[in-house]
1. Which one of these is touching a strand residue (DSSP E or B) at 6+ places or on another chain (Cβ under 9 Å), in the same structural domain as residue 118 (by TED's automatic domain parsing), modelled with pLDDT of 95 or more and assigned to a helix (DSSP H, G or I): 294, 264, 205?
2. Evaluate the following for residue 120: is it at negative phi and assigned by TED's automatic domain parsing to the domain that holds residue 35?
3. Please list, ordered by first then second residue, the pairs with beta carbon atoms under 6 Å, 6 or more apart or interchain, first in the stretch 227-241 and free of Cβ contacts under 8 Å to residues at least 40 places away in the same chain, second part of a helix (DSSP H, G or I).
4. Give 176, 223 a once-over and let me know the one that is crowded, with 16+ Cβ neighbours inside 10 Å and more than 23 Å from residue 272 (Cβ to Cβ).
5. Anything in the stretch 91-107 that is within 19 Å of residue 186 (Cβ to Cβ) and either within 16 Å of the chain's Cα centre (by Cα) or free of Cβ contacts under 8 Å to residues at least 60 places away in the same chain (or both)? List them, or say none.
6. Looking only at the stretch 171-188, count every residue that is in a loop (DSSP other than H, G, I, E, B), touching a residue at least 40 places away in the same chain (Cβ under 8 Å) and more than 15 Å from the chain's Cα centre (by Cα) and tell me the total.
7. Just give me the residues in the stretch 142-170 being touching a strand residue (DSSP E or B) at 6+ places or on another chain (Cβ under 7 Å), more than 12 Å from residue 89 (Cβ to Cβ) and assigned to a loop (DSSP other than H, G, I, E, B), in sequence order.
């Protein structure tokens with residue numbers, strides 16, 4: 001990997017120091033730089049000694065900037081690591097042919113998890129990458145767990161080499177890396193007792209596991225696996241299971257910890273929990289709390305008493 005400069009802002013400290021688009025950033029203050037995260041981590045000082053590669057020659061450049069001022073350049077995006085799993089519920093594999101190529105990308109990259117909140121499975125990380133997470137405190141991370149039953153998880157991921165998920169979580173949380181967890185619920189696979197056992201296992205890592213979201217499997221007419229959709233009865237059972245955990249955890253920690261995707265309540269025809277019980281909506285982009293937030297905001301809207309006729 002290399003960190004290639006993609007843009008230099010005219011008039012910035014970087015521009016005045018002589019950096020140009022296409023320069024490859026090798027190090028900052030003696031610290032190797034391989035991507036955007038390294039750049040962010042090592043560029044906090046006001047005086048930065050850079051080593052760059054330009055036309056196959058190494059150059060040293062010093063940048064002095066005002067406090068809190070932007071350094072003045074941006075790096076090219078890194079190549080996203082692709083997923084090696086063959087999940088039985090994979091939504092991308094259910095897409096029809098002929099769509100835009102980016103829609104078929106299956107990412108499983110810890111950097112994307114840290115920067116953008118993408119969910120990862122922890123099945124393709126090296127020891128060096130784990131060390132980096134712990135050293136640079138890349139937190140929070142978003143983890144697709146699905147189940148803490150390793151045999152079942154390997155079956156669901158289609159990956160017999162998937163590591164012991166509780167061992168992975170223990171290592172991260174013991175080093176104060178915060179995690180947001182996702183459980184994609186597949187009826188007949190990881191629901192019922194399996195779901196209860198998974199939540200029991202995960203709740204022990206509070207507060208470093210900061211949220212657990214249970215979301216229904218998404219299926220299209222192009223699916224080839226035998227995974228079943230979440231029906232009304234399934235949704236009602238999941239709501240009751242999670243409700244008990246939420247109540248106990250709220251009393252114990254003042255935090256329900258476990259959340260259900262809005263779709264469960266819609267599917268079951270059940271009322272939503274109060275918006276206040278969603279805390280700071282840690283998994284709203286996972287479809288958790290979107291509808292309660294919308295309903296809450298819509299109640300605050302006031303319609304005008306009268307609207308003047310539109311002029312033709």
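1. Values: 294 fails: touching a strand residue (DSSP E or B) at 6+ places or on another chain (Cβ under 9 Å); 205 fails: assigned to a helix (DSSP H, G or I).
Going through 294, 264, 205 in turn, just one is touching a strand residue (DSSP E or B) at 6+ places or on another chain (Cβ under 9 Å), in the same structural domain as residue 118 (by TED's automatic domain parsing), modelled with pLDDT of 95 or more and assigned to a helix (DSSP H, G or I): 264.
2. Working: at negative phi: yes; assigned by TED's automatic domain parsing to the domain that holds residue 35: no.
Taking the combined requirement at face value, the residue does not satisfy it.
3. Pairs found: 232/267; 232/268; 235/264; 235/267; 235/268; 236/268; 239/264; 239/268.
4. Values: 176 fails: crowded, with 16+ Cβ neighbours inside 10 Å.
Just a single option satisfies the conditions, and that option is 223.
5. The answer is 92, 106.
6. Of all residues in the stretch 171-188, those in a loop (DSSP other than H, G, I, E, B) come to 175-178, 186-188.
Filter once more, keeping what is touching a residue at least 40 places away in the same chain (Cβ under 8 Å): 175, 177, 186-188.
The next check asks that each one be more than 15 Å from the chain's Cα centre (by Cα); those that pass are 175, 186-188.
Count: 4.
7. The one that is touching a strand residue (DSSP E or B) at 6+ places or on another chain (Cβ under 7 Å), more than 12 Å from residue 89 (Cβ to Cβ) and assigned to a loop (DSSP other than H, G, I, E, B): 145.
Yes/no per residue for (1) modelled with pLDDT of 90 or more; (2) under 27 Å from residue 205 (Cα atoms); (3) buried (at least 17 other Cβ atoms within 10 Å of the Cβ):
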| site | (1), (2), (3) |
| --- | --- |
| 94 | yes, no, no |
| 101 | yes, no, no |
| 116 | yes, yes, no |
| 142 | yes, yes, yes |
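The values are calculated or read from the model by the stated rules, or taken from the named source; none is laboratory data. No experiment lies behind these values; they were computed from the predicted model shown. Cβ coordinates were reconstructed from backbone atoms using ideal geometry, including for glycine residues, and neighbour counts include every protein chain displayed.
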